[in-house]
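One structure is given below, encoded as structure tokens.
The values are calculated or read from the model by the stated rules, or taken from the named source; none is laboratory data. Source: prediction; values computed, not measured. Neighbour counts run over all protein chains shown; Cβ positions are idealised from the backbone, glycine included.
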Amino acid sequence: MTDAFVHVHVDPGVAREAAESIAALDHVAAAHLVTGDYDIVAQVELDDHDAIPDVVARDVHGVPGVLDTVTNVAFEP
């Protein structure tokens, strides 16, 4: 299992709706509104780390209001 954390910047005024839509996507374990440089942090869980670019580009960027993302892949210690 591969976990990735996707930091999402959205249009003003749509963070809550975008977070709910992202949370409903396949492979998204959770999506949280956060403070700081980004509006949402989503945890993506995949069996294959090679699928991360497709999930982020197709699914997360397909949510209305999403402007930009930064993805961090988690590694076990």
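Going by the conditions given, is ALA29 among the small types (Gly, Ala, Ser) and surrounded by 13 or more Cβ atoms within 10 Å (Cβ to Cβ)?
no
Consider only pairs whose beta carbons are under 7 Å apart and that are at least six residues apart or on different chains; among these, list those whose first residue lies in segment 36-47 and is over 13 Å from ASP3 (Cα atoms) and of a type in the set (Ser, Thr, Tyr) and whose second residue is buried (at least 17 other Cβ atoms within 10 Å of the Cβ) and at pLDDT 95 or above.
Between residues of segment 36-47 that are over 13 Å from ASP3 (Cα atoms) and of a type in the set (Ser, Thr, Tyr) and residues that are buried (at least 17 other Cβ atoms within 10 Å of the Cβ) and at pLDDT 95 or above, the close pairs are TYR38/HIS7; TYR38/VAL8.
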